[in-house]
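Reading through the structure tokens given below for one structure.
The values are calculated or read from the model by the stated rules, or taken from the named source; none is laboratory data. These figures come from a predicted structure and were not determined experimentally. Cβ placement follows ideal geometry from the backbone for every residue including glycine, while neighbour counts extend to all protein chains displayed.
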Amino acid sequence: MKKKQNSWKILFACILLSAGVAGVNYLWAGGDGNALCVAADKPVECALAKDKEVALECPAKLSGTPEVLLQKSCFLISYNVERLCPNYVCWRLTEERVRGKVKRSNNFHADLSMEENRRVDYFDYNGSGYDRGHMCPAGDNKHAEVAMEESFCMTNICPQNHDLNMNAWNDLEKHCRSWVRNYGTIYICCGPIFDTESPKTIGRRKGMKIAVPDRFFKVVLMLGRRPKAIGFIYPNRACDGDLRDYAVSVDEVERQTGIDFFAQLDDQQEKLLERECAPAAWGI
């Protein structure tokens, strides 16, 4: 009888061990297959997906600009470790993201994937007179809790004039979401522009001086039956005009930033789309 009981105990232990190993393998693989979300805040190379369309929002590799590439679950950050703000942030905006129900978290926080001596925290903006301005906005990440939280990482933030952040820049973000509802998926890249090599800085901690942008850019691409692209440049101050007053061609944004946008497009199509500035085609 004891031998039979011992046999059952051994069998039960083997089953538990097998289940444990399977569970570890499952978690290691990302559980539901979303391995990217598990390691989303680690510095990575900009690995273009096999599906060429997925990478359209990713600019060509920067030259002569300090950067760490941070692949979040739903957007890519090119982070400047000298200026302590992004060079650019890019993402693909879909109807799923726009129509999500996740509430805004307002939980600004340090990006723990950055080294401590380059890790900006929310309190570094205190008393600066500048907003913590999102590049990839919270409103574009309402489809998933992890994406919403990542949008409040300080690596996705720039010092931004309050009036610009709350009004003109916010208006542009809302228009992008309306374009998705009207036209379908769009591809976006945005970031700061610095007009001098020694910009104004904020931050009271030693060695933590965050550069204040002079201007901000955003470029938008839509494909489909009638492909089109447009760019915008806003000064980092209150802006009274409407979107048309700040609209430019993607070529013009490239000229002023030195960034090659939508480099995955066919060369001929890229040239045609990026040289145009047609606000009316976007309903503005």
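For region 193-233, filtering for residues that are loosely packed, with under 15 Cβ neighbours inside 10 Å and of a type in the set (Asp, Glu) leaves 2.
A quick yes/no check of all residues on (1) in a loop (DSSP other than H, G, I, E, B); (2) touching a helix residue (DSSP H, G or I) at 6+ places or on another chain (Cβ under 7 Å); (3) among the aromatic types (Phe, Trp, Tyr):
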{"site": "CYS90", "(1), (2), (3)": "no, no, no"}
{"site": "ARG97", "(1), (2), (3)": "no, yes, no"}
{"site": "PHE123", "(1), (2), (3)": "no, no, yes"}
{"site": "LYS142", "(1), (2), (3)": "yes, yes, no"}
{"site": "LEU164", "(1), (2), (3)": "no, no, no"}
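Scanning region 66-95 for residues that are surrounded by fewer than 24 Cβ atoms within 10 Å (Cβ to Cβ), over 18 Å from ILE188 (Cβ atoms) and not basic (Lys, Arg) gives PRO66, GLU67, VAL68, ASN80, VAL81, GLU82. Count of region 76-123 residues, restricted to those that are of a type in the set (A, V, I, L, M) and under 20 Å from THR201 (Cα atoms), is 5. For residues in region 125-148 being out of contact with any strand residue (DSSP E or B) (no Cβ under 6 Å at 6 or more places or on another chain) and hydrophobic (A, V, I, L, M, F, W, C), which is farthest from SER78 (Cα to Cα)? The extreme case among them is ALA144. I'd like to know if region 201-210 contains one or more residues that are under 16 Å from the mean Cα position of the chain (by Cα), modelled with pLDDT of 95 or more and not β-branched (Val, Ile, Thr). For region 201-210, residues under 16 Å from the mean Cα position of the chain (by Cα), modelled with pLDDT of 95 or more and not β-branched (Val, Ile, Thr): absent. Within region 202-221, residues that are in contact (Cβ under 8 Å) with a residue 40 or more places away in the chain have Cβ atoms under 8 Å from residues that are part of a strand (DSSP E or B) and charged (D, E, K, R) in these pairs: LEU221/LYS228, counting only partners at least 6 apart in sequence or on another chain. Do the conditions hold for GLY191, that is, is it under 19 Å from LEU76 (Cβ atoms) and not aromatic (Phe, Trp, Tyr)? Against the criterion (under 19 Å from LEU76 (Cβ atoms) and not aromatic (Phe, Trp, Tyr)), GLY191 qualifies. Out of the residues in region 125-137 meeting the condition of being in contact with a Pro (Cβ under 8 Å, 6 or more places away or on another chain) and assigned to a loop (DSSP other than H, G, I, E, B), tell me which one is surrounded by the fewest Cβ atoms within 10 Å (Cβ to Cβ). So the residue we want is SER128.
Listed by position, the strands (runs of 3 or more DSSP E) inside region 172-284 whose residues that are outside the structural domain of SER78 (by TED's automatic domain parsing) number at least 2 form an empty set. Specify the residue that is nearest to TYR125 (Cα to Cα); the eligible residues are those in region 58-94 that are in contact with a Cys (Cβ under 6 Å, 6 or more places away or on another chain) and hydroxyl-bearing (Ser, Thr, Tyr). Looking at the filtered set, the residue picked out is TYR88.
Filtered by the rule that a residue be crowded, with 16+ Cβ neighbours inside 10 Å and under 20 Å from ALA138 (Cα atoms), region 114-123 gives a lone residue, VAL120. Evaluation of ARG244 against the conditions (1) more than 26 Å from PRO66 (Cβ to Cβ); (2) surrounded by 17 or more Cβ atoms within 10 Å (Cβ to Cβ); (3) touching a Pro at 6+ places or on another chain (Cβ under 7 Å) shows that the sole unmet condition is (2).
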